[in-house]
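Laboratory data are not the source of any read-out in this text; all were calculated from the coordinates shown. The structure displayed is predicted, hence computed values, not measured ones. FYI the Cβ positions are ideal-geometry reconstructions off the backbone, even for glycines, and counts take in every protein chain you see.
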Amino acid sequence: MSAIERMKMEADIVCVGFGPATAGFLTTLTRALLKEDGTPAFESKVMPGMPLQIMCYERADDIGFGVSGVVTKATFIKASFPDKDLTKEIPNAVAAGDEKVAYLFDYLGASQRDPGTMFVDAVFKGGRFFMGKCPEAAELPWIPPFLRKEGGIVMSIGSFVSWIGAELMSSGLVQIWPGTPVSEPVFEGDKVVGVRLADQGVDLQGNPDPANFMPGMDIHAPLVVVGDGPVGAVGRTLDDHFGLPEGNHQHDWAVGMKAVIELPESCTLKPGTVIHTLGYPEQEIFGFMYVYPDRTASLGIFVPSWFDSPVRTTYTYLQHWMQHPYIWRHIEGGRLRSWGAKSLQESGVRGEPYLTGDGYVRIGEGSGTTNVLTNSGVDEAWHSGVLLAEGVIDLLQRDEPFTKANLDATYVKRRREDKLNADLQKAKRARDGFQDGFFKGMMGTGMTGMTNGAMNVSSQSRPPSQRIKTLLETFAGRISEQDLAAAVAQCAKDKQPLHDTLMVLAGWPEIKMDGELLMSHQDVLFKGGKVQAAGGFANHVTFAHPEICRTCKERTCIEICSAQAIMPGEEGEPPEFDREKCIHCGACVWSCSKALPEDPEKTNVLFGAGSGGLHSNEN
Ligand SMILES: Cc1cc2nc3c(=O)[nH]c(=O)nc-3n(C[C@H](O)[C@H](O)[C@H](O)COP(=O)(O)OP(=O)(O)OC[C@H]3O[C@@H](n4cnc5c(N)ncnc54)[C@H](O)[C@@H]3O)c2cc1C
Ligand code: SF4
Ligand code: SF4
């Protein structure tokens, strides 16, 4: 592809991705770009006489369509808007109110539980009569301070980001281009000199279609701001090029799948209600429900990488979770309005990459800002962008170049000295125990939280691909070897994923679709806002070594796929990928059960930049 002639454009700053991190960066930066008399405070280096030329490219179809999140303490975000009440500015936002943490019992007896969890079940069941009104769950009588969202905001982060995007665009100081995936950074040696937009008018393998080929443009800029989230192609390419700092790893992940539901008349939950659940549908799967002011609620589950089963389909588990009596009593009679999924980088600050290099800088979740103790990422991502903007303004004022040394002395120094870093360091080991099981994980989180990070449990960390069990191990004692083999053979013949068949064989009831709250995986694809991927882009999910897929028995990529975009191919052949269905959740990347031979920290799934995906800014 190097022989392809590409158009080049020059900018002063180019940003990749428009999530909360970039929104925080651009909001803070643009406030310093004009003098009081309206003339530019800094002159563009690429267009002398003009203000700084700042471009931002976003993969998703529209601003706010590629992000997720609902409840945030918003401490840092509020500090950026001291004169505004954000609950009045942002559509459908409300102050966080009634908070509950509920332990859900496995009322069906179908989940996989270890002895520690059975002990916890017994303890909660013993105390359930004074812990809530639903006999199948126990509400915690007290919520630890580190989990509380008191004083925070319940809002769709998509709507928040859309609101910020509109403000920025109307300022005329920034150009934000949605539907424009960035495929890679442009390197000169170890220096990043710009970004390359994805090629258009190519076939699924990336070969140019002579009639329509539009090579992705190169945007050169002295500073590239990478805020492309947990699985962004640009951040991943930088990590491939530079590696991670000694001792850091990205072993812990989760996929969050959620739905926005129109609540029935009978639901008495107040706007601002925040509910977190644990214990069901599997011990490792956490759930949430947040109530908006317009009688809708955002609810969903997180399936983490330490849930070792290869049959880890989030959608089926979401449906079982929704039907748990503790949740169902609030939503029965309601209607599912939209739906989506996205990965979370759960290693937090442990997964921090090199934050800077010559010509580039990392912000947001891809830079390790998620607080894995408080389960929050939006406020932290935003604040990393604010800290970067302050550093960039420093350098602009001194007219100093965006070298690694200068970015370290401004942005990284600020970040290290900030409360953000102090909080992330306290949270650093909060999830360690989960690598050894749910019970130890809960103990570890509690210990870290109650001692402000001073005491933790230790565990041996492994990449997800090295911990996924075989099908036989997963279903031992629940499905006979013979039945398992027959089911696997039948699913392969029918070209279907294994999960529905195996879960029913293991004791889960079949889901009775009602077309309102419970619908087939295929039908729900049309419930997310925009569903069409623009044509003319290459497949962004590929398999590094198809021969590994040919002998792979677990095929976790198929089982986890949030959108049935990865499905069984012909028998003995690698899975097939349908890019029009893919919602870019990134779960296949960390859920593949086979390590890459050349780098065991990575898997056999390659995830590039693509356009489209199913999202709305509600999710
Ligand atoms: C289901 C779910 C629920 C969550 N709930 C909460 C919550 O309630 N509270 C909370 O605080 N946190 C929550 N989080 C975490 C929170 O969403 C993230 O921590 C936060 O959004 C990170 O912000 P970011 O800007 O770093 O990245 P992102 O929000 O991931 O934004 C990155 C942007 O970059 C774009 N992008 C990616 N690749 C490219 C590319 N190659 N070219 C161009 N654009 C690209 C993406 O489309 C996206 O818009 C939740 C996460 C999930 C998945
Ligand atoms: S991508 Fe990974 S999980 Fe999927 S078939 Fe190939 S090796 Fe197996
Ligand atoms: S193929 Fe797309 S939808 Fe499926 S898991 Fe991968 S990123 Fe998610």
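Before moving on, here are some points about what is shown:
- Distance between the range 355-416 and the range 72-90 - C-alpha centres, whole angstrom: 21
- Less than 5 angstrom separates the built amide H of D252 from those of E346, S347, all sequence-distant by 5 or more or on a different chain.
- Neighbour-limited loop hits for GluC sites (Glu not before Pro), the range 563-607 (at most 10 other Cβ within 10 Å; DSSP other than H, G, I, E, B): E570, E571, E598
- Each Lys and Arg adds +1 at its Cβ and each Asp and Glu adds -1 at its Cβ; summed about the Cα centre, the chain shows a dipole of about 1360 debye.
- 40 Å tail of the calculated P(r), the chain, as % of Cα pairs: 24
- Amide H contacts of T296: L263, each under 5 Å away and 5 or more positions distant or on a separate chain (H built 1.01 Å from N in the peptide plane; Pro and chain starts excluded).
- Exposure proxy shown here: for W142, W321, the number of other Cβ atoms within 10 Å sets the order, fewest to most, as W142, W321.
- For G97, nonlocal amide neighbours, meaning residues 5 or more places apart or on other chains whose placed amide H falls under 5 Å from its own, are T273, V274.
- The range 482-554 versus the range 1-70: alpha-carbon centroid distance in Å: 39
- Sequence-distant contacts, meaning Cα pairs under 8 Å at least 6 residues apart, place the relative contact order of the chain at 19 percent.
- With the simple model of a label 7 Å out from the Cα in the direction of the Cβ, D98 to V488 spans 4.8 nm.
- Approximate spin-label separation M567-M118, in nm, with each point projected 7 Å along Cα-to-Cβ: 4.0
- Projected label distance in nm at I143 and K495, using a 7 Å step from Cα toward the beta-carbon: 4.7
- For the range 288-298, 3J(HN,Hα) per residue [Karplus equation, 6.51 cos²θ - 1.76 cosθ + 1.60, θ = phi - 60°, Hz, x = Gly/Pro]: 8, 8, 10, 9, 8, x, 8, 6, 10, 9, 9
- Contact order normalised by residue count of the range 471-607, Cα under 8 Å, 6+ apart, percent: 22
- Taking the Cα centre of the range 124-209 as origin and assigning +1 to Lys and Arg Cβ atoms and -1 to Asp and Glu Cβ atoms, the resulting dipole is close to 780 debye.
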